[in-house]
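The values are calculated or read from the model by the stated rules, or taken from the named source; none is laboratory data. Please read all numbers here as calculations on a predicted model, not as lab measurements. Backbone-built Cβ (ideal geometry, glycine too); neighbour counts: all protein chains shown. Accessible surface is based on the protein model in full, side chains and every heavy atom, while ligands, DNA and RNA are left aside. Shrake-Rupley method; radii C 1.70, N 1.55, O 1.52, S 1.80 Å.
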Amino acid sequence: MDKQVGPTSAVQTRNSPLAVMSKIPSGFIAAATRGLRSVFGPNSTIRDAPQRPVSAPQAVEPTFDQPYAWMDPGKPVRPIPMPNNDLVGLRFAYQPGVNNLQQGRSLEGVTFETLRNLAENFDLLRLAIQTRKDQLRKLGWSIQPKVKPGERRRPVKDEKLIARCTALQECMLRPDGDLTWDQWISAIADDAFVLDGVCLYRRRHPDGRPYALEIIDPATIQPLLDVTGRKPLHPSPAYVQIRNGTVVNHYTRNELTYWARNVRSNKIYGMSEVEQVVRTATLGIARVTKQVGHYSEGNIPDMLLSTPQNWTPQQIRDFQGIFDQLMSMPGSKRRGWFVPAGTGQPIMLNQEAQLFGPFDEWLARIICYAFSLPPFPFVKETNRATAETQYDAAMAEGLGPFLTGFKNIMDIEIREFWEEDGLELVWDDSENLSAAEKTAREQSDMRSGIISIDDIRAQRGLDPVGLPPMIFGLGPMGFMTLDQVKQAIDVGTNLPPAPMAFDAAAGDDPLAGAPPELLAQLGIQSPAAPGQAGGAGPGGPMGNGAGPRGPARSMGALGAALSRTKPVPGVSELLQRAGGY
């Protein structure tokens, strides 16, 4: 080893461990290591001699029991021994004694009371919440059998299953035995949007039969945690109900359903839309308070009035008092201040232009964005097509997640509380459609063979006429029944092409060549032989001399013919809508 000359960096570098080891041949270090292991045994903790990399470093499997590199990260702190490894899978670092708190959300940044005060005192928040509640209340729903694995449609022909669906749906018309469905789901939506917590208590008869799903104020419910930071399993209590700082009830997971939509891994409670805009809502309340103050109190007068030059300050104050007393009478809200001479004409200090502006529009946009609502009712006019597109997108984005989550919760209640396995809640958004949208959907479904004319008539309370589902745009009549399409596919024949457009001016007969059985179903007398009265050929098809005999050109033509022959009321109108061209 070199002799130490002084505390210089060069000498220290030469005498560093790496510099010294680099001068020792690798074979000598390897031989020394093998000799020491032969003395202390093969399981000794002596490391192998470091090998200089030739092309690439060799992969060394890291272990905590044995260092594997110079200046390694070190051994981790060993966990505290726990009986039965209770902390394995710890969800989050909760505060010790969290189950002993006597007030919900006491460890959160925002309390239940604050969230409800914001929702009730800020107009934009309340309007957004009420809009979502109204949309949910008018949404259709039903209880239907589940689609069994391996099948493509619901078992609608199982009478016993359909009877169970009907009985459960009648029971859910008043889920808690008191409120109707729309009132019940409105209260649930309010708790979900304001507090992000929905509590449903499963009340049963004394013999254990289900009785009602009752709503409990989530502000009184505190979820409990086990040692891993999760809800305890049954039969241990999973929730406590607190009233005025006193625990009044314990509930297990089988007794109470607690639903939070925006769950976080490091929090006990969810995060509602109102909590997401707490600062914006607080700013909005201050803004509204200032606007209200402009019309009630305020500290800036509407105008400054000049007094005569020879008035003293005391005279001005006396006259100001008399003037204010006169202006405080009912109907006199605008006030002015008298100032010494020199101002000339009265100075108007009208602040109407400052009361509403881009800041208010910015507040409305943030609140609407939090609830996935279109902001165009509160902002400047936009293009109508753009506004409608934004409205449709906002409806889908805002209601979709809520409907999916609530359906999952209700399916669990149907299976566990009502003990009706095989049934589920199904939403129907047709109630949200306008009359034009419903008609367009019916026409599209009818033209594709999804539903029949009789299905539409049944929805409107009309008697069926015996028409099966049909696909329009095929065959010489302009339509083919599903059975006819299936038969053509089974035998491997090509489907007939779509007919040409019907030309009434050319005298085309829309019913020429129609099957007699179809005409009989429609209640139309079969055409006579060509040339006879009422015949389908020259000299008077359908008895009115409309023109030569020929194939029907479209469903609209058939509808026109049916309207002339006075069939069952309602059929011709639907056929004309279906044909359209």
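Heavy-atom accessible area for LYS146, with the other protein chains in place and a 1.4 Å probe, reaches approximately 70 Å².
Mean separation of Cα pairs under 8 Å and 6 or more residues apart, divided by the residue count, gives region 435-491 a relative contact order of 26 percent.
The calculated FRET efficiency for the pair LEU283 and ASP217, based on their C-beta separation and a Förster distance of 30 Å, comes to about 0.60. For region 435-491, the solvent-accessible area works out to 54 Å² per residue, with a probe of 1.4 Å and every protein chain left in place. Contact order, relative form, for region 197-304: 20 percent (alpha carbon pairs under 8 Å, 6 or more residues apart, mean separation divided by residue count). Report in % the part of the accessible area of region 121-239 that belongs to carbon and sulfur, leaving out ligands and nucleic acids; probe 1.4 Å. In region 121-239, the share of accessible area belonging to carbon and sulfur is 51 percent.
Per-residue Karplus couplings for region 242-247, computed as 6.51 cos²θ - 1.76 cosθ + 1.60 with θ equal to phi - 60°, are listed in order as 10, 10, 6, x, 10, 6 Hz, Gly and Pro entered as x.
For a paramagnetic label modelled at 7 Å from the Cα of ARG203 toward its Cβ, which residues of region 406-422 fall within the zone defined by backbone nitrogen distances under 16 Å? The answer is 418.
Here region 92-106 is scanned for amide nitrogen atoms under 11 Å from the site 7 Å beyond the Cα of MET82 along Cα-to-Cβ, giving 92-94. Can you bin region 102-219 into rounded, prolate or oblate? Criterion: square roots of the alpha carbon gyration tensor eigenvalues sorted a ≥ b ≥ c, rounded for a/c under 1.5, prolate for a/b above b/c, oblate for the rest. In terms of gyration-tensor shape, prolate. Legend: residue pairs LYS138/LYS407; LYS133/LYS380; LYS146/LYS486; LYS146/LYS267, Cα-Cα distance threshold 23 Å; pairs beyond threshold, LYS133/LYS380; LYS146/LYS486; LYS146/LYS267. Ordering of 241-253, 361-373 by packing is 361-373, 241-253, highest average first (other Cβ atoms within 10 Å, averaged per residue). Dipole check for region 435-491: with +1 at the C-beta of Lys and Arg, -1 at the C-beta of Asp and Glu, and the Cα centre as origin, the magnitude is about 140 Debye. How much of the accessible area of region 435-491, in percent, comes from carbon and sulfur atoms when a 1.4 Å probe is used? Here carbon and sulfur together make up 55 percent of the probe-accessible area.
For region 435-491, the gyration tensor built on C-alpha atoms gives a prolate shape. Its axis ratio a/c (a ≥ b ≥ c) is at least 1.5, and a/b is the larger of a/b and b/c. Solvent exposure of region 186-292 amounts to 47 Å² per residue of accessible area, where only protein heavy atoms count and the probe is 1.4 Å.
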